[in-house]
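Working notes for the structure below.
Since every read-out is calculated from the coordinates, none of them should be taken as a lab result. Everything numeric here is computed off the predicted structure, so don't read it as measured data. Methodologically, a virtual Cβ is constructed for each residue, glycine included, from the backbone with ideal geometry; neighbour enumeration extends over all protein chains shown.
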Amino acid sequence: MSNRAPSDWRPSCSPAMLRRRAELLRKIRQFFAEREVLEVETPLLSHGTVTDPHLSVFSTAYGGDPSQRLYLQTSPEFAMKRLLAAGTGSIYQICKAFRNEEYGRFHNPEFTLLEWYRVGFGLDELIEETDALLRMVSQATRNLAPSEHTSYRGAFLTHAGLDPLDAGLEDFADCASRHGLQEAAEIGGADRAIWLDLLFSHLVQPRLGRNRFTFVRDFPAILPSLARFKSNDERLVERVEVFLDGMELGNGFFELNDPLEQERRFDRDIAARLDAGRPVPEKDGRLLEALQAGLPDCAGIAIGVDRLLLGLNRLEAIAETLAFPLATA
Amino acid sequence: MAFVSTSEFKNGLKVMLDGDPATILESEFVKPGKGQAFNRVKLRNLKTGRVIERTFKSGDTLETADVVDVEMQYLYNDGELWHFMVPESFEQYAADSNAVGDAKKWLKEQDICILTLFNNIPLAVQPPNFVELTIVETDPGVRGDTSGGGGKPATLDTGAVVRVPLFVQTGEVIKVDTRTGEYVSRVK
């Protein structure tokens, strides 16, 4: 990631890919214009940040003063929810998001996110609209099979032969060693969330969305993020992820709008960060105030635009979609 | 002891894995949405040559392996060990059959090889890319045949057997590519 040879000034993607990116952005904007969803902009640099135990944030100090800490957003979700609480109605945004320490074939620490919120939508309507958008933008470049819909539990049962809700720690370990992941027991330990992340990302995800979009919904409540509990089954939350060719494109929720539960999740995240010895950010008080004022019932999703471009054009790595990935930024 | 974290993993890095030195062949960052990040890593055990796939939690560390490549001159084989010398320092090293491996059939005295040392003990021997060796035995070919179609086996003074064109005769010196085991040319 250091400075390289002087010949590195050239972009890592082709001119054709720059045109395809522009075309993709144009189509997305047209899609939302037709549906009368308002385009908004929120700050990339903010006083508050997320508490997610597994996200690492870039930070800086205004005027070099350490007490004036500012964070590069990992997603515009908090700011957009403040807009929703202020009564904007349905909104969307195409912006940069930043995640420290995420760098690899499918990750660049700076990436482009499409995020939108639909007031009055539940998870079903959100999935339907996401599918319509994804199929519309894919038409010209890839001939995909009809989208597939499954539950988190169903995907796990099909591809890992394990029930993620009922499984005990021994079942997780058995499943891992059956699939040749001998080292898993040491990684997973007694942490169910890590076990689920490990088995999902190694065994389930690579088999999802072969030449089609696959929507996986109803996540276990121990992976809640900002989703509401399912009203008829408290073991689950109203969360959806969408995949193409084993690659995750997006994550959406029927949005939690209970300020007390939101604060409980912040506190739980912060405790987890303390345990892991990671830096602990302050809870975003402005988001909590917005939730207290009242977030309308809504569903929202974030889609990685670079990955979508990667998948639609069957590329090997995210760097092929970017003018200047981190290595040459 | 030095440790490296998963974010510093890169191809060619030498680390300790299960008590053996290993080289990283490939490291892929895997992260489910907002969940725990992992690194899927492919490594080659430098003692056994076996390729291993292993998952680490991102942020985990491995001890680096004290493995270095040193150019040395091959001296002689005493029937059990192969002896090498660093030309600048005259320091000598003895490699066993396991470390010499396939290289043994290409080793000619005074040739410069690359020895991989782990804790100062030879772990592997890489012969020069090209060696010049003498043919000690091959069938007499038809004189004037330069088409080479298929060629014939020839035994070299180190014991290696390579296919050579029909016109090449016993007693001649030939150049061989040790990476492919193929005949390159005659040496005048």
Next on the checklist: Which count do you get for residues in the stretch A:91-114 that are out of contact with any Phe, Trp or Tyr (no Cβ under 8 Å at 6 or more places or on another chain), away from every other protein chain (no Cβ under 14 Å) and touching a residue at least 60 places away in the same chain (Cβ under 8 Å)?
Outcome noted: 2
Item to check | Any hit, the stretch A:139-147, residues being within 12 Å of another protein chain (Cβ to nearest Cβ) and either of a type outside the set (Phe, Trp, Tyr) or in contact (Cβ under 8 Å) with a residue 12 or more places away in the chain (or both) | outcome: no
Checklist entry - Any idea how many residues of the stretch B:27-52 are part of a strand (DSSP E or B), of a type outside the set (A, V, I, L, M) and within 10 Å of chain A (Cβ to nearest Cβ)? => result 6
Checklist entry - Which is closer than 27 Å to A:ALA319 by Cβ, over 19 Å from the mean Cα position of the chain (by Cα), of a type outside the set (Lys, Arg) and part of a strand (DSSP E or B), of A:THR141, A:THR60? => result A:THR60
Next on the checklist: Take the conditions among the small types (Gly, Ala, Ser) and under 16 Å from A:LEU83 (Cβ atoms) and apply them to A:ALA299. Does it pass?
Outcome noted: yes
Next on the checklist: Would you confirm, using the coordinates I've provided, whether A:THR88 is among the polar types (S, T, N, Q), more than 14 Å from chain B (Cβ to nearest Cβ), more than 18 Å from A:SER225 (Cβ to Cβ) and assigned to a helix (DSSP H, G or I)?
Outcome noted: no
Checklist entry - Of the residues A:THR130, A:THR141, A:THR112, which single one is polar (S, T, N, Q) and more than 30 Å from A:THR328 (Cβ to Cβ)? => result A:THR130
Checklist outcome for this item: By residue number, the members of the stretch B:19-41 that are under 23 Å from A:TRP195 (Cβ atoms) and among the charged types (D, E, K, R) are B:GLU28, B:LYS31, B:LYS34, B:ARG40
Checklist entry - Is the stretch B:134-143 home to any residue that is more than 30 Å from B:LEU166 (Cα to Cα) and crowded, with 17+ Cβ neighbours inside 10 Å? => result no
Checklist entry - Within the stretch B:105-112, is there a residue that is within 12 Å of chain A (Cβ to nearest Cβ), of a type in the set (Lys, Arg) and touching a Ser or Thr at 6+ places or on another chain (Cβ under 7 Å)? => result no
Next on the checklist: Condition (residue is of a type in the set (D, E, K, R) and within 30 Å of A:PRO43 (Cβ to Cβ)) applied to the stretch A:116-123: is it met by at least one residue?
Outcome noted: yes
Item to check | For B:PHE56: the one exception among (1) within 18 Å of the chain's Cα centre (by Cα); (2) facing chain A (nearest Cβ under 10 Å); (3) of a type in the set (A, V, I, L, M, F, W, C) | outcome: (1)
Checklist entry - So is A:THR74 surrounded by fewer than 18 Cβ atoms within 10 Å (Cβ to Cβ), without any contact (Cβ under 8 Å) to a residue 60 or more places away in the chain and not charged (D, E, K, R) or not? => result no
Item to check | Residue satisfying all of: in the stretch A:29-57; touching a residue at least 60 places away in the same chain (Cβ under 8 Å) and outside any loop (DSSP other than H, G, I, E, B); surrounded by the fewest Cβ atoms within 10 Å (Cβ to Cβ) among these | outcome: A:ARG29
Checklist entry - Just for helices (runs of 4 or more DSSP H) wholly inside the stretch A:154-272: which have at least 1 residues that are touching a Leu at 6+ places or on another chain (Cβ under 7 Å), within 14 Å of chain B (Cβ to nearest Cβ) and surrounded by fewer than 18 Cβ atoms within 10 Å (Cβ to Cβ)? => result A:192-199
Item to check | B:ALA65 being closer than 27 Å to B:TYR183 by Cα and either within 14 Å of chain A (Cβ to nearest Cβ) or touching a strand residue (DSSP E or B) at 6+ places or on another chain (Cβ under 6 Å) (or both) | outcome: no
Checklist entry - From the set of residues in the stretch B:68-124 that are hydroxyl-bearing (Ser, Thr, Tyr) and in contact (Cβ under 8 Å) with a residue 24 or more places away in the chain, which is surrounded by the fewest Cβ atoms within 10 Å (Cβ to Cβ)? => result B:TYR76
Next on the checklist: Suppose we filter A:LEU198, A:LEU165, A:LEU203, A:LEU169 for residues that are in contact (Cβ under 8 Å) with a residue 12 or more places away in the chain and more than 25 Å from B:ASP60 (Cα to Cα); which single one remains?
Outcome noted: A:LEU165
Checklist entry - Counting just the residues of the stretch B:3-21 that are within 14 Å of chain A (Cβ to nearest Cβ) and part of a strand (DSSP E or B), which one comes out nearest to B:THR61 (Cα to Cα)? => result B:SER5
Checklist outcome for this item: Picked from the stretch B:46-67 (must be in contact with a Pro (Cβ under 9 Å, 6 or more places away or on another chain) and crowded, with 16+ Cβ neighbours inside 10 Å), the residue farthest from B:PRO127 (Cα to Cα) is B:ALA65
